[in-house]
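Following: one structure in structure tokens, then a few remarks.
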Amino acid sequence: MFILIVSALFLIIHQGQCAMKATATLYADNSITSYGILTFKQENAATPVRITGLLSGLNASSALGFHVHEYAVLKSAPNCMAAGGHFNPYNTTHGPRTPDIRNRHVGDLGNLTTDASGNINIDLEDSIIQLYNATQSIINRTIIVHGFRDDGGQGGFSDSTTTGNAGARILCGLIQTSNALIIKPTMFIHYIAIMIVIIIFF
């Protein structure tokens, strides 16, 4: 029992050395048709979230707004409108994807650009969204791809400073964590070494 308690405390204390991972399957609005899967990974609480994945079947050579919205949607055949507005816990004005939290919503991720075949190969990092920090966490929120380019709040339209005039919500998906933390090899080695010492001396 003592060993189990020490083990649990060790993992809690060193959680910051573990990577966290989440995924989202994106569907057309109110449809069971999937357009791809996105993966969100954060090495620790102080590092950016990396978003990777492939989306296909979209309009060719188009810039499409890309945002995290506040509420969760269904895992399949989601109603994208049920996701509410952009995830904006600090009540800031909409802006481009920038590291300055004062000039964007937490959920503002700029634009994705499709290729000539309507595909998007995504590999980007953002330092504002989080998997760790509760206030900025995107877990159990919704990732949305819009029908038009996000103007970064600079377009002069009535909704530029709230949505970037990005148009309809064409794809959306629920962001869900994987079942476990991803323990880094260095942490695993340290953990095993400490466990061996505990077993020998206790």
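The values are calculated or read from the model by the stated rules, or taken from the named source; none is laboratory data. Values in this document were obtained by computation on a predicted structure and should not be read as measured data. Cβ coordinates were reconstructed from backbone atoms using ideal geometry, including for glycine residues, and neighbour counts include every protein chain displayed.
Quick notes
- Cβ-Cβ distances below 7 Å connect the following pairs, each with a first residue in segment 82-94 that is closer than 13 Å to Thr162 by Cα, a second residue that is exposed (fewer than 15 other Cβ atoms within 10 Å of the Cβ), and a separation of six or more residues or different chains: Gly84/Tyr71; Thr92/Arg102.
- In segment 25-50, the qualifying residues are those that are assigned to a loop (DSSP other than H, G, I, E, B) and hydroxyl-bearing (Ser, Thr, Tyr), and the one that is surrounded by the most Cβ atoms within 10 Å (Cβ to Cβ) is Thr47.
- Considering only residues in segment 122-147 that are part of a strand (DSSP E or B) and among the hydrophobic types (A, V, I, L, M, F, W, C), the one that is nearest to the chain's Cα centre (by Cα) turns out to be Ile143.
- Search result, residues across segment 80-107 that are among the small types (Gly, Ala, Ser), surrounded by fewer than 20 Cβ atoms within 10 Å (Cβ to Cβ) and not in a loop (DSSP other than H, G, I, E, B): Ala82
- Exactly one residue out of Gly53, Gly110 is in a strand (DSSP E or B), more than 10 Å from the chain's Cα centre (by Cα), at pLDDT 95 or above and closer than 18 Å to Ser178 by Cβ: that is Gly53.
- Of all residues making up segment 57-74, the number that are surrounded by fewer than 21 Cβ atoms within 10 Å (Cβ to Cβ), under 21 Å from Asp115 (Cβ atoms) and touching a strand residue (DSSP E or B) at 6+ places or on another chain (Cβ under 6 Å): 2
- Residue among Ala72, Ala116, Ala60, Ala77 that is touching a residue at least 60 places away in the same chain (Cβ under 8 Å), part of a loop (DSSP other than H, G, I, E, B) and of a type outside the set (Phe, Trp, Tyr): Ala72
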